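The values are calculated or read from the model by the stated rules, or taken from the named source; none is laboratory data. Just so it is clear, the structure is predicted and the values come from calculations on it, not from any experiment. To get the accessible areas, we keep the full protein, side chains included, count just its heavy atoms, and leave off ligands, DNA and RNA. Shrake-Rupley method; radii C 1.70, N 1.55, O 1.52, S 1.80 Å.
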Amino acid sequence: MRSFPLGTSLSPTPINTSKISSFNINFKKPTTFPSSGSTPPHEFSLSQSGLCRASQVADLFPTVSPEIIVREARLEDCWEVAETHCSSFFPEYSFPLDFVLRMDRLVAMLAGFTLPNGCKRTCLVAVIGNSFGETIVFGSDDLKVGGFDGKFSLNKGYVVGILTVDTVADFLPRKGPLRQKRTGIAYISNVAVREKFRRKGIAKHLVAKAESKARSWGCRAIALHCDFKNPSATKLYQGQGFRSIKVPAGANWPQPKTSPDMKFNFMMKLINN
């Protein structure tokens, strides 16, 4: 999770929920989206030259805008997932370091991590340019490569956003004197949206899908960490029903492994099963 691009903007386009599987992640980031630093889109207006940007055209003609679908990450998505993650959390790096980061991320995802018994993890992707009803998928639910489904489609679409949700509980407060891990609470991390697709409702779709997945796992709540310096992300999660949890004085609650000076807002939401 620099943690999460509050590019996490998300688009209100209706999404088709479909098959979701598990995706193993080895590097946790907060659930805040990396801030794009760009000026938020405003109402459509013509420039002095009388021309408008492509994004403005999409606003004027929403029926021809790309459909956004949130689904489980597949093997064919692995490079775009790595690219979305690195470009969102490490935008300051340039070649060749940026390429090394992407390769490192790719290898980690394909290798996958062994989950503790009883724990679940999945990676969700938001894709555009994919008409779900016309997509033909090849492969088997039993074929896995790392944390990815070993499936391929003739029209897979383009990955514009990612999110990881799991029940490993590495970053949840421990319980009891033995500091046991908590159960029944899902955790969201690695939320990222490509810069030019932010502020279009994509993150909202990803979070909603993560909640649905958590319910299917029997979880009673879902939690995340949000960068204190990213108020847009905080506002997004509050709008989705998350509430800030005050950390007791002197408590040593676990949090994502990032720079030492980064502070997080721990947020949680109860979900109905």
Can you send over the solvent-accessible area of Cys86, 1.4 Å probe, protein chains only, in Å² to the nearest 10? 0
Grab the Cα-Cα distance for Arg215 and Asp104, subtract it from 0.36 nm times how many residues apart they are, and report the gain in nm with one decimal. 36.7 nm
Additional length obtainable on full extension of the chain from Trp253 to Lys175, 0.36 nm per residue less Cα span: 27.0 nm
What does the accessible area of Ser232 come to, in Å² to the nearest 10, when a probe of 1.4 Å is used? 50
Set Lys181/Lys246; Lys200/Lys257; Lys181/Lys263; Lys120/Lys196; Lys175/Lys200 screened for pairs whose C-alpha atoms are more than 27 Å apart: Lys200/Lys257; Lys120/Lys196; Lys175/Lys200
